Each structure stands twice: as C-alpha cells, then as structure tokens.
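Novice: I'd like to ask some things about the structure below.
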Amino acid sequence: MISFRNALRALLGPLVVVGALSSAHAGPYDDALIKLTTDNYADTDAGVAALVESGNPRAEAIIEALRAGTLLYGDGKLAIRGPAGVAVDATTATPLVASDAGSLKPVRVNNRVRRAVEAALGSMTLLSPDQRRRLDAAAAVLRSRDAAALPSLDKALAQEKVERVKIAMLEARAAIILNQPDSSPGDRLAAVATLGNLGNQNALALLANLPAGASPELTAAARQASETIAANLALWNAAQNVWYGISLGSVLLLAAIGLAITFGTMGVINMAHGEMVMIGAYTTFMVQEVIRNHAPGLFGASLFIALPLAFLIAGAIGIAIERLVIRFLYGRPLETLLATWGLSLILQQGVRTMFGPSNREVGTPEWMSGALQLGGLSLTYNRIAIVIFAFAVFATLLLVLRYTSLGLYMRAVTQNRRMAGSVGIRTSRIDALAFGLGSGVAGIAGVALSQIDNVSPNLGQSYIIDSFMVVVFGGVGNLWGTLVGAMTLGVANKLLEPFAGAVLGKILLLVAIILFIQRRPRGLFALKGRAAEA
C-alpha cells in the first residue's frame, strides 16, 4: 500500500504542483515557476529565462536559490531552504510547517542550467545601484556569454558612469557577439575593434580565442588588434616595473638613510641597524594591540601614534648601544663589526623571548587600503604612502643637517673629526646623538615596513645587506647619494627581475656595484674635506 501511494505521488506530483501554482497565480511568472517543478533540465532552463523576462521582484531570489542548491519543490509547493534549514514559500517568503517541508527535494541542475543561471543573475543585477554587484554581474555575463543578456547589457551600458564597470560590460558584450553564430560580420568586426580599444589583458585573451570558423577578415582584424594590445601592454608593464622599482627604492631609502648617518659620521659598520628597523615594526604592533583592546576608534591613526614612539624607543636603544659598546671600539672596524653582529643576535633573541618566533599581525588602516588605477598602472595606496613618507623623511633629515646646530656639528665631525674636536665640539656627544638619530630613523622605517612585510624577529636581516649596498654605492655619509643609490638599485632590480629572476638579478646588481666601486671607491657622491680625502 505504501509503495502504491509513493508511485501515485511520483506520477501525479507535477500535476499537483501545476494545479496549485496555476490556481494561485496567472501569467509568465507563474508559468516559469511551473517549469521549475517538472524535474526536467530543458524546462528548468526555460523557467530561468522566463523568470528574467517576468520582472517579478521575487525572481532574483528564486534564481539565486537555484544556483545555491536551496530551491526545493514537491507536493504542489516551490520553496527555498534558509540558512537555518527552515523552508519558506518561494512566492510569498512565508515559512512552511515541518510536515509540508519534509517531502520537498532540490531542483536538479546540470552545466547548461548553471550557465543559464549565471547569465540570468548577471542580467538582473546589471542595473543594480551597487557598483560591486554590477561588476559581478558583468563578469557573470562574460562567463556565460548568453545572447539573452544583450538587451539588459545595452541598457546598462547606456547609463553606466563608472569606467571600471563600463569596461567589464563592454568586454562581456564583445564576447557575446564574437561567440554567437548568428552575429553579423559587421557586428563581429565592431566587437574586435571594441576589444582593441580596451587594450587590456582580458581583451587580448578574448581575441586569442575566436570561435571556430571565423572569417579571414575577422581573424586578420583580431591579429592586428592583438599585436597592438601586446605592444601597449609591454609599455604598461615596463612602467609598472618602474613603479615597483621606485616603491622598492623608497623602502631601501628608509632602511639605509639611518645607516648613512651612523656610517658616515662615525665610520661604524653597524650590523645591528636592521634590528632597529625590527624594533620600530614591533612598536607598531604593540601600539595597534593597545588600540584594539582599549580604543578601537583610533585604529586609523595607529601609525601616526607609532611613528614618534618608534623613533624614541629605537633612538634610545641606539644611544645605549653607542655609550655601552661602540665608543670603546672606535678605530677598530673588525671588532665593531663583530660586536654589532653579536648585538643583533641578542636583540633578535630578546624579541623572540618576548613575542615569540612567529609573525605578528600589523593591520593596515582603511585609508591605506585599495589601489589607484592610472591607465594600465595599479598603484596601491600603502605603497604610495610609503613613497611619500620616505621622501618626507629624507627632506626632514636634510633640513635637520642643514639648519640645526646638531646638523652643523655632525657635518663638521664627518668631514674632519680632529679639527671639529679642536674647535670645541664634543665629538663623543655628537657620536651618541648621531647614532641615536640614525637608529630612530631606522625605527620609523620599521613602522612603514610593517605595512608591506612580515613583522618577525628576522625582519631587519632582510634589509641590512641592501642598506649597506645603497650607502656604499651612493657615497658614505651623503644623503643625496643614498637617495640616488636607493632609487637606482630599486628600479634596476625590478627591471632585471622579469628577465633574470629575483636571485640572479640581485647577483648581477652586486657584481655591477663591485665593478663600480673598483672605479669609484667613494661612491657616486664622495664627501669633501681633509679627513675624507686623506
């Protein structure tokens, strides 16, 4: 008896559904709902298209449920299963009782239905007020390449104001026209011209995948457009690599500018300089932890709070190192190198003991998130901020060295230490302040680097060698030389990477610097003075 009832339900189920839906509604929307209950892929495909044409406000929710596998049918009902497992009527959104929902089963889909669903959702959201939804809709239409989306796409293009979204819609429209067998030759050539004008990587991919049987005229036009796009992309890629080089150069400038002060003033090979950078990064981490726990509203200003703290903490540690260790080792470069290397290991282990060996998360404020698009260039806001910050630090140090008494004394000690001491300058005090200034600048460099690199005990080791290369190449103790050296090495490194790889590119740069130093031992900008020229 039970099997007979089940068989009868299976035979009459679709008829019951048809009757229930037809009695409650009438029109294209209701016909579409009926098609979704027949358990036939062709009917489901047609039902999705009918839902789009109906314009009913519930159509999008039903199609979205079909894509998510939560659209159910059975016993005269079409329902949507919610997140908590509670089924609601698809047409009225009212909850169903458990007894009614128990006999429902999912509407089946295949690849053809999935493509129809993607195209339908894309068509329905092309006119959404939300920019992100319009962009996603254009991407969905591009994937499906369903000609049924063309009317909605043309309507959306006529009123689209956002350039990024408009480009995505033009790509989708061109892809549909190129892949439709009934498209006219003129429309296809116009689509190729559109893709050629867009000139991006997506357009190049679409032109490289013309449908089989394309006419010779269309193939020739696509080849010419592809060559033009490839040439333009090569130029944009070169410009992008130059930007990456400037960005890398600004990082090297921040890491090396403090070393240029200490190395140039005192001639000390400070292998612990990278650890000052690390301390600045961990100061940023601690500031953000305090803000997260006690004043979340200040998170956007966390970097501005961390900057003076990092400068003071790293500068104080630098003065302590100079007073306790380095001042006993002047004139003994090998012992100084070994001592500062040992200090770097001590500082690394101290940080591991306090914070652990794993990376620490340093968040990016909202105002530094995202990217700026300039033609084919993508400029991330955090990199832009670091470039501006690096030049601001450079300009500030120039002003300090040029227009303050400390700067005057430092320049005097750098050029001729004995003469500076003879005229009453306390060279030992200037050494301590210069070391503190260089260490403090390294600390604020750590604040910037925390936004683009992992904050770990080994952070400083990634930059110490490159910092020495920058200082030696630019000219020891010369800030302008440090700037030119950092930017030159940064851009050269990024231009070499696509051809030689990251590792070989660095090796080539190192060899080039060695050969250059053989010809100009004092670097690009050598210091002037009796002691410097002795």
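Novice: Counting only protein heavy atoms and using a 1.4 Å probe, what share of the accessible area of the stretch 304-449 belongs to carbon plus sulfur, as a whole percent?
Specialist: On the way: 5120 of 7740 Å².
Exposed carbon and sulfur together represent 66 percent of the surface.
Novice: Also: For the chain, take the longest principal axis of its alpha carbons; what is the angle in degrees between that and the long axis of helix 302-324, to the nearest 10 within 0 to 90?
Specialist: Helix 302-324 and the main axis of the chain meet at about 30 degrees.
Novice: Against the longest principal axis of the chain, how steep is helix 2-24, in degrees 0 to 90 to the nearest 10, with axes from Cα atoms?
Specialist: The two axes meet at around 80 degrees.
Novice: Same structure again: How long, wide and thick is the stretch 53-196, going by the Cα atoms along their three principal axes, in whole angstroms, largest first?
Specialist: So the extents along the principal axes, rounded to whole Å, are 59, 31, 22.
Novice: From the P(r) of the stretch 232-371, can you give the percent of Cα pairs sitting at distances over 27 Å?
Specialist: Values: 3619 of 9730 pairs.
So the portion of pairs separated by more than 27 Å is 37 percent.
Novice: Can you count the Lys pairs in the chain whose Cα atoms are under 25 Å apart, with each pair 8 or more apart or on different chains?
Specialist: Details: LYS35/LYS77; LYS35/LYS105; LYS77/LYS105; LYS155/LYS166; LYS494/LYS506.
For the chain, qualifying lysine pairs total 5.
Novice: Per DSSP H run of n ≥ 4, the term is -39500 (n - 2.57); total these for the chain, divide by its residue number, and report the mean residue ellipticity at 222 nm rounded to 500 deg cm²/dmol. Mind showing how you got there, number by number?
Specialist: Details: 23 runs with 374 residues, N = 534.
When only DSSP H runs of four or more count, the value is -23500 deg cm²/dmol.
Novice: On a 0 to 90° scale, report how tilted helix 185-198 is relative to the longest principal axis of the chain, with both axes built from alpha carbons and the result rounded to the nearest 10.
Specialist: 30 degrees
Novice: Here's another thing I want to ask about it. Excluding ligands, DNA and RNA, what is the solvent-accessible area per residue of the chain at a probe of 1.4 Å, expressed in Å²?
Specialist: Values: 26480 Å² over 534 residues.
Here the per-residue accessible area is 50 Å².
Novice: Further, regarding this structure: The list (i) 1.18; (ii) 1.29; (iii) 0.97 gives values of Rg/Rh (Cα atoms, Kirkwood Rh), and only one came from this structure; which label was calculated from it?
Specialist: Evaluating Rg/Rh (Cα atoms, Kirkwood Rh) on these atoms matches (i).
Novice: Over the stretch 174-254, with every protein chain in place, what whole percent of the accessible area is carbon and sulfur at 1.4 Å, could you tell me?
Specialist: On the way: 2220 of 3890 Å².
After summing per-atom areas, the C and S share lands at 57 percent.
Novice: Roughly how many debye, to the nearest 20, is the charge dipole of the chain about its Cα centre, given +1 on each Lys and Arg Cβ, -1 on each Asp and Glu Cβ, and no other charges?
Specialist: Working: 44 positive and 34 negative charges, 426 e Å.
So the magnitude is around 2040 debye.
The values are calculated or read from the model by the stated rules, or taken from the named source; none is laboratory data. This one's a predicted model, so the numbers in the text were calculated from it and none came from an experiment. Heads up, the Cβs are rebuilt from the backbone with ideal geometry, glycines too, and the neighbour counts pull from every protein chain shown. Quick note on the areas: whole protein, heavy atoms, side chains included, nothing else; ligands and nucleic acids left out. Shrake-Rupley method; radii C 1.70, N 1.55, O 1.52, S 1.80 Å.
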